[in-house]
Amino acid sequence: MKQTRKFQDLTIGDNYMFGSVMMENDNCRQLLERVLEMPISRVEVIKEKSMIYHPKCKGVRLDVDAKDEKNTHYDVEMQLLKRDALPKRSRYYHSQMDMELLTSGAKYENLPNTYVIFICDFDPFSDEKYRYCFQNICRETGKELGDGAETIFLSTRGKNPDEVSEELVSFLEFVRAGQDGNSEVFEDTYVTRLQNTIRQIKENRGKERQYMMWQDLIDDAKEEGRQEGCQNLLKGMLSSMGTLPDEVVQRIDREKSLDQISAWAQLALDAESLEDFIRRM
């Protein structure tokens, strides 16, 4: 069984730490500017979508879900381990974003542009590129479909610094540095900002408690993958905050939707107290 990494040993490459760091809107905005190499005025991280239980993904996804001032939507995920089905996962993520963004009765032309971005601590296509960008293109003419969907894979193993910005390379070197990256001196104000954010998070006892509960949720989802297991874990998370009222226990037990249980789990992580959770439930 894989041993859980200690909270104080987390790096930007760990999903929980990456997600926590990118919850700060400006941290996320500056990262997207480096990835896309274009200015972005404002980014809003959609916190309630940052942790989702996905039966098809067999567990919990911790992504960074954000939108900018043009209503372009972004899904950013850290990937330390190579997965063969990563391209198919990107397709699934785009479909999930479209389903959430296209409200009932809305016109297709109102669908906003979307980006799915994977930050990989490996080379997903073995071509030694720092960045791989994919759009739907006609094979016969090379014309873009123009559907507004783009998938980007970043690799910390690139060897083409002349083809991307120095700022993007610096960030990817920070990711690749792992544990050493927490203390290594980078001549990059953004990376220094991320290092400071990580230190602040590690000094926050509430964040450490959140990490332990989040890790429990992942372990439980992997071992059980069932509604009952997730319900029991949610009740355990809430019990650590105080005595659970019977009506809250009954409401959780009656809930059949894994998406709703997942949303409550996210709320439990964000809540300042049990009373705050119940009020917002």
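The values are calculated or read from the model by the stated rules, or taken from the named source; none is laboratory data. These numbers come from a predicted model, not from an experiment. Quick reminder, even Gly has a Cβ in these numbers, built from the backbone with ideal geometry, and neighbours come from all protein chains shown.
Structure summary
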| read-out | value |
| --- | --- |
| Residues of segment 151-182 satisfying the condition of being surrounded by fewer than 19 Cβ atoms within 10 Å (Cβ to Cβ), closer than 23 Å to residue 84 by Cα and without any contact (Cβ under 8 Å) to a residue 40 or more places away in the chain | 157, 159 |
| Complete set of residues in segment 244-264 that are in a loop (DSSP other than H, G, I, E, B) and in contact (Cβ under 8 Å) with a residue 24 or more places away in the chain | 244, 245, 255, 256 |
| Some residue of segment 19-38 being exposed (fewer than 13 other Cβ atoms within 10 Å of the Cβ), of a type outside the set (Asp, Glu) and either out of contact with any His (no Cβ under 6 Å at 6 or more places or on another chain) or within 12 Å of residue 197 (Cβ to Cβ) (or both) | yes |
| Output for segment 113-127, where each listed residue is assigned to a loop (DSSP other than H, G, I, E, B) and either under 19 Å from residue 96 (Cα atoms) or among the aliphatic types (A, V, I, L, M) (or both) | 113 |
| All positions within segment 14-31 that are assigned to a loop (DSSP other than H, G, I, E, B) and out of contact with any strand residue (DSSP E or B) (no Cβ under 6 Å at 6 or more places or on another chain) | 14, 24 |
| Members of segment 101-128 found to be among the acidic types (Asp, Glu) and touching a residue at least 12 places away in the same chain (Cβ under 8 Å), listed by number | 121, 123, 128 |
| Which listed residue is over 18 Å from residue 18 (Cβ atoms), among the aromatic types (Phe, Trp, Tyr) and at pLDDT 95 or above, from 190, 132 | 132 |
| Boolean, residue 63 is modelled with pLDDT under 95, surrounded by 19 or more Cβ atoms within 10 Å (Cβ to Cβ) and within 19 Å of residue 154 (Cβ to Cβ) | yes |
